[in-house]
Amino acid sequence: MRLSRYFLPVLRDVPKEAEIVSHRLMLRAGMIRQQASGLYSWLPLGYKVLMKVQKIIEEEQNRAGAIQLLMPTIQSADLWRESGRYDAYGKEMLRIEDRHEREFLYGPTNEEMITDIFRTYVKSYKDLPLNLYHIQWKFRDEVRPRFGTMRSREFLMKDAYSFDLDEAAAVAAFQRMFVAYLRTFRRMGLVGVPMRADTGPIGGNLSYEFHVLAETGESGVFLDRNLLDKPIPGADTDFRGDLDPIFKDWTSLFAATDEMTTEEAFREAVPADNQLKARGIEVGHIFYFGTKYSEPMKANVTGADGKDTPVHMGSYGIGPTRVVPAIIEASHDENGIIWPVSVAPFEAVLINLKAGDAETDAACEKLYAELTACGLDMLYDDRDQPAGSKFATADLVGIPYQLILGPRGLKSGEVEIKHRKTGERETLPLTEAVARLK
Ligand SMILES: Nc1ncnc2c1ncn2[C@@H]1O[C@H](COS(=O)(=O)NC(=O)[C@@H](N)CS)[C@@H](O)[C@H]1O
């Protein structure tokens, strides 16, 4: 992408309403724009990151055996009356009336709707286990939206729903998602720590939240610091096998939010040098809630014994529009964002130090074409701007590699590469730049 043809409205000064660094940087880097309280547009650079986050989520959900579909954002009130949540959900629910005065709502979550889909088509235990998921916008009328898209009113959520014949099978489904979540966050450069959690309006009695540690996290968390450098299950994990050993290994060390434990209990349970008290950003939350929805909504299957039985369910959420700021909270410096390559809006930016100089332009065009041709997601800063402002923009928007090319380097047939994360620079022959980056 040529920057002179792109839409990247970076801001020079820090917007005063932004309280935390990720909110400030997302506004300054031209990633989002607030349209109203808790409602954001995702501008091109932010949307590119959001789509890369979404892609990693989809790959790991698919690896774990979940099947993707897409449900509408608007849901019928009658469906929520069947589960009894229509009134119970409270003021967070945005209730809508259509022209025929029929009652609808903007979905805050989809347990009822996915259960309705399931009960329409699945009748036999032979069709289980089943895990269906989608990535869809949700609305929750948060009393205090804040921190940009970290806690917004309209937000994107991956929500998966599992269906099994009995609790044992449902726990195995829960463990498949647990392992998928460990892999998902680590692939985005995040350490997502699983913690015992409350079940809240979703329900059930088994729930884990995945937290990214950051001082701006809304949750107080207590954990054994050995959790932070545990290797995650590999891409060769057999998701059809027994994942209980992995689940037990990851849940044997103490980790809980301050809603689920006390500091005293924590201090007693964890050896002093392993104790870590921190703040966490909840980026994912998984639940097992048995027949809470299948019973009232009559989502039954016929078992091997010929008897009808309500299926055991779980739901598994990740907030991609919260993950993006969480990555920035975990990875930034005084000059701006530092994107892990896996989610960076562009993998590398080519900085032309003398746009308008025929020789430099020609050399940059050639290098840009070669790098793009070998599959790199490239940004080319071809603007007629001073070098300093180009470096500042590249640092602010956090592109992992900066290729810097000007008349001097050109004379010696060399290009400089700067690593955004480490600041380290290397100069190498122009002819080796493609091999170095791909
Ligand atoms: N207001 C919000 N803004 C941004 N992300 C949010 C917001 N509320 C929740 N999320 C994200 O959505 C994830 C799942 O939300 S949840 O309420 O915990 N779980 C559910 O809704 C279940 N249906 C899981 S499928 C959270 O872990 C969080 O990452």
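Side notes on the structure shown:
- Residues located in the range 308-326, provided they are more than 8 Å from the ligand (Cβ to nearest atom), touching a residue at least 60 places away in the same chain (Cβ under 8 Å) and open to solvent by 10 Å² or more (accessible area, probe 1.4 Å): T309, H312
- Any pair with Cβ under 7 angstrom, 6 or more apart, that starts in the range 273-290 at a residue that is open to solvent by 20 Å² or more (accessible area, probe 1.4 Å) and ends at one that is charged (D, E, K, R) and within 11 Å of the ligand (Cβ to nearest atom): E282/E209; H285/E209
- Boolean, S83 is of a type in the set (G, A, S) and within 18 Å of G290 (Cβ to Cβ): yes
- Hey, A265 under 26 Å from P320 (Cα atoms), more than 16 Å from the ligand (Cβ to nearest atom) and modelled with pLDDT of 95 or more or not: no
- The condition of being in contact (Cβ under 8 Å) with a residue 40 or more places away in the chain and open to solvent by 30 Å² or more (accessible area, probe 1.4 Å) holds for L353.
- Filter result for the condition that a residue is closer than 20 Å to G336 by Cβ, touching a Gly at 6+ places or on another chain (Cβ under 8 Å), of a type in the set (V, I, T) and assigned to a loop (DSSP other than H, G, I, E, B), over V14, V10: V10
- Positions within the range 35-63 being part of a strand (DSSP E or B) and in contact with an Asp or Glu (Cβ under 8 Å, 6 or more places away or on another chain), in sequence order: L39, Y40
- Checked against (1) open to solvent by 40 Å² or more (accessible area, probe 1.4 Å); (2) touching a residue at least 12 places away in the same chain (Cβ under 8 Å); (3) more than 13 Å from the ligand (Cβ to nearest atom), R146 passes all but a single condition, namely (3).
- Residue match in the range 191-210 (condition: under 30 Å from L94 (Cα atoms), within 14 Å of the chain's Cα centre (by Cα) and either modelled with pLDDT under 95 or within 8 Å of the ligand (Cβ to nearest atom) (or both)): yes
- Yes/no for L94 being open to solvent by less than 30 Å² (accessible area, probe 1.4 Å) and either at pLDDT 95 or above or under 28 Å from E167 (Cβ atoms) (or both): no
- Matching residues, the range 277-318, being in a loop (DSSP other than H, G, I, E, B) and among the aromatic types (F, W, Y): Y293
- The set of residues in the range 130-176 that are of a type in the set (F, W, Y) and in a strand (DSSP E or B) comprises Y133, W137, F139, F155, Y161, F163.
- Boolean, Q75 is within 16 Å of the ligand (Cβ to nearest atom) and over 22 Å from P296 (Cβ atoms): no
- Any strands (runs of 3 or more DSSP E) falling wholly within the range 373-438 and containing at least 1 residues that are within 32 Å of the chain's Cα centre (by Cα) and without any contact (Cβ under 8 Å) to a residue 60 or more places away in the chain: 401-405, 414-419, 425-429
- Taken as a whole, the condition of being among the β-branched types (V, I, T) and either within 30 Å of A168 (Cα to Cα) or within 16 Å of the ligand (Cβ to nearest atom) (or both) does not apply to V341.
- For the range 97-133, filtering for residues that are open to solvent by 60 Å² or more (accessible area, probe 1.4 Å) and either among the hydroxyl-bearing types (S, T, Y) or over 20 Å from K298 (Cα atoms) (or both) leaves 9.
- Summed over the range 191-247, residues that are open to solvent by 30 Å² or more (accessible area, probe 1.4 Å) and on the phi > 0 side of the Ramachandran plot total 2.
The values are calculated or read from the model by the stated rules, or taken from the named source; none is laboratory data. Source: prediction; values computed, not measured. Because the Cβ atoms are built from the backbone with ideal geometry, glycine has one as well, and the counts that use them run over all protein chains shown. We work out accessible area using only protein heavy atoms, side chains counted, and drop any ligands, DNA or RNA first. Shrake-Rupley method; radii C 1.70, N 1.55, O 1.52, S 1.80 Å.
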